[in-house]
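What follows is a set of notes on a single structure, which appears directly below.
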Amino acid sequence: MLCDLDNVVRFYDTAPLAALERAAGLPEGTTTDIAYAPEVDLPLLLGRITPDAWVEAIAAGLAERVGGERARALARALADAPFRADEEAVSLLRRARTHVPVVLVTNATLQLEADLALLGLSDLADAVVSSAVEQVAKPDPAIYGIAAARAGVPPARCLFVDDRQENVDAATALGMTGVLFREPDDLRRALGSYAAEATSAEAPVEAEGAAETEGAAETEGAADGAEQLTARPR
């Protein structure tokens, strides 16, 4: 099973940023619109720049509208937005991992390993495929091939879960079963019997780190995705 991280397992609290934007007279979302533009965001996700350099790039895009000092405060508020792990998604993935290999496939920064440790999720998956480490990002087909190889199965035996339609479409084009995530029930249905004994015993954990772009869209996936998975050898 191949699974995205942000907006599936990890969620950010951007309320403090929204408050700063209102105080600056900016529409909510202005900072993220600049931060997640490909020319600003992709170098970070490919490991080519540091989070601090990303902050400076965001601030540069805001400076004419709010001044340098306030622009840097807005950029830093995004980069340091607190995040938490969704306990239900975590529980479902832990249950799935008792049956099949689980690989996290995420467009992330070089801070990902530390972020997972802060959340207590270093052992959530059998492997983690990070865009910043591999220097290739979803929806590039190459990152899906890397992830399937880490799972030890061909793409046709992979279930791929993500909250972005373009990433799901790229997976299905390679023969994977794709599931667009909108809520934990989407993951539960995709896992089928592999999720039957999942519980919500773990409390959500909050931390701080660099935010990563991910968004929601219409669903396109298979409720019987678990049938495509290759079980662990016993």
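What distance in nm lies between label points placed 7 Å from Cα along the C-beta direction at Asp33 and Thr98?
4.8 nm
Which distance in Å, rounded to a whole number, links the C-alpha centroids of the range 12-74 and the range 79-146?
Answer, in whole Å: 24.
For the range 97-206, what is the largest minus smallest coordinate of the Cα atoms on each principal axis, given in angstrom and ordered from greatest to least?
Here the spans come out as 36, 33, 25 Å, largest first.
Label the range 1-65 by shape, choosing from rounded, prolate and oblate, from the square roots a ≥ b ≥ c of the eigenvalues of the Cα gyration tensor; if a/c is under 1.5 it is rounded, and otherwise prolate applies when a/b is larger than b/c, oblate when it is not.
Taking the square roots of the gyration eigenvalues as a ≥ b ≥ c, the range 1-65 is oblate.
Roll a 1.4 angstrom probe over the protein heavy atoms and tell me the percent of accessible area of the range 53-121 that is carbon or sulfur.
Accessible surface attributable to carbon and sulfur in the range 53-121 totals 48 percent.
Under a 1.4 Å probe, what is the accessible area of the range 1-138 per residue, stated in Å²?
Per-residue value: 40 Å².
Mind listing the long-range amide H neighbours of Glu183? Cut-off is under 5 Å, sequence gap 5 or more, other chains count too, H placed in the peptide plane at 1.01 Å from N.
none
Give, as a single signed number, the net charge of other residues whose beta carbon lies under 13 Å from the beta carbon of Glu28, with Lys and Arg counted +1 and Asp and Glu -1.
-1
Rg over Rh of the range 1-130, using C-alpha atoms and the Kirkwood radius, what does it come to?
With Rg and the Kirkwood Rh in hand, the quotient comes to 1.04.
With r defined as the distance between the Cβ atoms of Asp123 and Thr172 and R0 fixed at 30 Å, what FRET efficiency is calculated, to the nearest 0.05?
E(calc), rounded to 0.05, equals 0.55.
The values are calculated or read from the model by the stated rules, or taken from the named source; none is laboratory data. Quick caveat: nothing in here was measured; it's all calculated off a predicted structure. Cβ: placed from backbone, ideal geometry, glycine included. Neighbour counts: every protein chain shown. Just so you know, the surface numbers come from the protein's heavy atoms only, side chains and all, with ligands and any DNA or RNA stripped out. Shrake-Rupley method; radii C 1.70, N 1.55, O 1.52, S 1.80 Å.
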